[in-house]
Amino acid sequence: MSVTGVFRNHSPGDLTSVIAAISAGLSAEDRAPDLSGIFERELQRTLAIRSVRLREIPARYRARLVTPTRTADSIVLGVPTADPRVQAVLEAFSGPDRVLGSADHEVLAVAAQLGGLVLELSRTRHSRRASHDGAAPLIGASVAMQRLRERVERVAFTGFTVLIEGESGTGKELVARQLHDLSARATGPFVAVNCAAVVETLLEAELFGIEDRTATGVKGRRGKFESADAGTLFLDEVSDLSLSAQAKLLRAIQEVAVERAGGNGVRRVDTRIIVATNRPLSDLVTQGLFRADLYYRLGGVEIHVPPLRERREDIPELAQYFLSRHRHTRDLTISAPALEALRAYDWPGNVRELERLIESSVALTESDSIQLDDLPPRVRGEYGEVLGHSIMAGHSMRAWGSRYARLVFERCGRNKRRACRLLDISYHTLQAYLRYAEATTTGSDKQLPAWVKSASQEPVLEEAVDA
Ligand SMILES: Nc1ncnc2c1ncn2[C@@H]1O[C@H](COP(=O)(O)OP(=O)(O)OP(=O)(O)O)[C@@H](O)[C@H]1O
Ligand SMILES: [Mg+2]
């Protein structure tokens, strides 16, 4: 061994200066201090060695390092991480004129534990900053949304390829942006490509770029893969890729490299891929419309964004959020009956449909508050037709119930026992309702609509009239 240098005496107590430097970094004005950098520099100074590096191993180098790995002048130590799928290490190299002795090893072993905290701190600092300045927030406090947010945070920093599935308008692109903003690539570009919107023949050039071909006058340009270098490439509607485009995508993902159309030679790219689809890819694989090998590459880490009708509790908050975004244009509120109707509606177009509806209300509503009548008929639906009037008039349950009881009573040919059975109430309750109806209906109300009376003459109800 050519290493000749001297041993030094250290003890874990020497890490005090490293801890002090990290605290100073945390309390500095800088909202995103380079804590790993501070840790590395201070540890290197303390041990008087050539270099120290604290890092996470990129996801694509899947094989786990066995640590500690040491030579006379270097050591690689495992660093604890919150996510078992991510491996982090502390590497130290003493330089040719000095060997790493057991005292150094002891200090470095403690430093590796501290390194785990430093990485975790950098990550939370980073994610807080990203959610402040980055993509719009994911609104919603339902259990489904909480789960989604947790999953997004957990998956974001891993660097793995992510498949996002969910109906149209549920917020898949928003989720993809959050994944980018919370990742270590947040400072790099986020490049989105809608695979369905690009003409098939141009898709290859769009994704992989095209070489200069002076003879034909084609000007070379970078593809989206290259544009997303050091960042994230978001492929929306990936299920719309043709089988040949799928084959190229598979190659690009496997080799982490792209070849421009008409090019000879590949360019390495360092990009994280996030894909989204509103048709489940596994079904398309079964139908032979999507390559199974590509599906296995893209799947694995999947995020399902639930439709709005499965998290109705989020509707009021989303509606208020979209209203507040237009506050500078108009300060509108939304009435309780209108909000109830929004909650009852099924939202086939999900959050996007709700967002558009609020926008049109901001443009069209005449009063300061969105009323049931301001909503389009499809949203008001049964709610508006059947219950809307009563809600607007503030009818009590008793008033409502007695009117309904009276109508059913008339339709049963004024047979009380039958009416009780149909209404599923006691004879006494029916009597009370009818008395209340009699006392409160005005002269014009007593004129029952024709459909009530005519029905009472025909055997519309399934049973024979009791004696
Ligand atoms: N949870 C949410 N909080 C706030 N805004 C949301 C939320 N979900 C969706 N949106 C908004 O709704 C709109 C539609 O979302 P997005 O484009 O992400 O949906 P998508 O699933 O990608 O739709 P498509 O399948 O049609 O491409 C966007 O304007 C987005 O900002
Ligand atoms: Mg989308």
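Quick check on the range 102-138: of everything there that is crowded, with 16+ Cβ neighbours inside 10 Å and outside any helix (DSSP H, G or I), which residue is modelled with the lowest pLDDT?
Residue satisfying both the conditions and the ranking: Gly134.
Which pairs do you get when a residue that is over 17 Å from Pro377 (Cα atoms), found in the range 388-402, comes within reach of a residue that is among the aliphatic types (A, V, I, L, M), reach meaning Cβ atoms under 6 angstrom, with the pair 6+ apart or on two chains?
So the pair list comes out as Ser402/Ala437.
Mind listing just one residue for me: the one in the range 175-207 that is within 16 Å of ligand 1 (Cβ to nearest atom) and farther than 24 Å from Glu120 by Cα and, of those, modelled with the lowest pLDDT?
Val198
Select the helices (runs of 4 or more DSSP H) contained entirely in the range 276-348, then report the ones holding at least 2 residues which are farther than 30 Å from Ile370 by Cα and in contact with a helix residue (DSSP H, G or I) (Cβ under 6 Å, 6 or more places away or on another chain).
Per the criteria, 281-286, 292-298.
For the range 288-344, how many residues are closer than 23 Å to Val162 by Cα, of a type in the set (A, V, I, L, M) and surrounded by 19 or more Cβ atoms within 10 Å (Cβ to Cβ)?
Looking only at that region, the number is 5.
Is it fair to say Ser227 is over 27 Å from Ser244 (Cβ atoms) and among the hydroxyl-bearing types (Ser, Thr, Tyr)?
no
The values are calculated or read from the model by the stated rules, or taken from the named source; none is laboratory data. For clarity, every value in this text was computed on a predicted model and none was experimentally measured. So basically every Cβ, Gly included, is an ideal-geometry build from the backbone, and we count neighbours across all protein chains shown.
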